[in-house]
Amino acid sequence: MKTMITGVQPTGNFTLGNYLGAIKNFVKLQKEHNSFIFIADLHGLTSYQEPKKIHDTILDLAATYLACGVDPKYTNFFVQSDVNEHSVLGFLVAFQCRVGELSRMTQYKSKKEKQGKDGIDLGLLIYPTLMAADILLYDAEIVPVGSDQKQHIEITRDIGERMNKRYGDMFKLPDYYVPEIGHKIMNLQNPNEKMSKSSPINDKGTIFILDDINNSKKKIMSAVTDSENKIYFDEEKKPGISNLISIYASITNKSIKDIEDKYKDSNYGTFKKDLADLLEKFILPIQEKYKKYRYNDELIKILHNGAIEAEKVASKKLLEVREKMGIKYDN
Ligand code: AMP
Ligand code: TRP
């Protein structure tokens, strides 16, 4: 069985983009893989966050994941900082990298443009080294993520390969698993920008899974579209309606073509109304399940058990890495 891993940062609220881009596929594949999923709280600290907020977000996210179908029967579900090996390997991985390659990462570059080089936290520069450690630690071969994370998986492969060459084979090299539809859900108000957990400018364009459903339906109804009033997929010319078609297709597992055929004689109003209703049917059961998990002692137990299982794998791998790197002197 191949190993699969993915993570999510406890920053802001869980969005429809997070679900469709990453978790949906993880849930679909979890039974056929040796599966690990974790809340990347250390990554969440790469820029300052209020401690009380991050604490609550960890639990909110954990309950949301379970509500979305992450099943502890098949998946080791844990919080990153509970398994110290992530930090240690992250540190060792950082030593294998050059400042140049890390500063060419898109995420770093775009933050640098906004904040200036001197105002940027070191954590952002070494963000990919910790992420590489997260993946290499488990010999994961499959990483379901949205398309914004592809570059991080690519650098993980580079680093893994580099360390295998330098110190002898020790890591499997991962591949990303990016869905054809839903890999980049866009902001409903600005379809040229990714729908993101923390989009302070445009909450109106983001569907939050735990938000009041009527609010979310309104956001669908007022999503920005073009003036042609014809429903077909063309990301270049019609980014707004194409984004809504992708959401529809991903939620229903229908093809884009099926949706275009179904709505070829409809207008945007009818299509949006149907999508809003579909969203309600899809989100309400998740919200029900969320409530069941969020304030139940079981939640903490699941995370603790997940960390114990993850640590068994991670500690073995870290030992192997230390031996190969020569910093295990007593063997
Ligand atoms: P983050 O919220 O940045 O921690 O992302 C968690 C996972 O959700 C990653 O695999 C992202 O690639 C994915 N993701 C986040 N936003 C979107 C989006 N708008 N569309 C598709 N996938 C997304
Ligand atoms: N960087 C990822 C994101 O923002 C979260 C993450 C951290 C991750 N470590 C990971 C995803 C390891 C996959 C595998 O979405």
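Laboratory data are not the source of any read-out in this text; all were calculated from the coordinates shown. In this text the structure is predicted, and so the values were computed from the model without any measurement. All Cβ positions, even for glycine, are placed from backbone atoms using ideal geometry, and neighbour counts span all protein chains on display.
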Take segment 209-220 and flag every residue that is surrounded by 14 or more Cβ atoms within 10 Å (Cβ to Cβ) and away from ligand 2 (no atom under 16 Å from the Cβ). L210, D211, I213, S216, K217, K219, I220
Somewhere in segment 71-80, is a residue within 15 Å of ligand 2 (Cβ to nearest atom), under 27 Å from L188 (Cβ atoms) and not acidic (D, E)? no
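A quick yes/no check of all residues on (1) touching a residue at least 12 places away in the same chain (Cβ under 8 Å); (2) assigned to a helix (DSSP H, G or I); (3) under 26 Å from A133 (Cβ atoms):
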{"position": "I286", "(1), (2), (3)": "yes, yes, no"}
{"position": "H304", "(1), (2), (3)": "yes, yes, yes"}
{"position": "E311", "(1), (2), (3)": "yes, yes, yes"}
{"position": "E323", "(1), (2), (3)": "no, yes, yes"}
Go through segment 153-203 and give me each residue that's touching a Pro at 6+ places or on another chain (Cβ under 9 Å) and within 16 Å of ligand 2 (Cβ to nearest atom). I153, I155, T156, R157, I159, G160, Y176, Y177, V178, P179
Out of all the residues in segment 7-24, is one or more more than 16 Å from ligand 1 (Cβ to nearest atom) and not aliphatic (A, V, I, L, M)? no
Please state which one of G69, G21, G7, G12 is touching a residue at least 12 places away in the same chain (Cβ under 8 Å) and assigned to a strand (DSSP E or B). G7
Exactly one of (1) touching a residue at least 12 places away in the same chain (Cβ under 8 Å); (2) more than 12 Å from ligand 2 (Cβ to nearest atom); (3) in a helix (DSSP H, G or I) is unmet by K109. Its number? (1)
What are the residues in segment 131-147 that are more than 7 Å from ligand 2 (Cβ to nearest atom) and part of a helix (DSSP H, G or I), if any? A132, A133, L136, S147
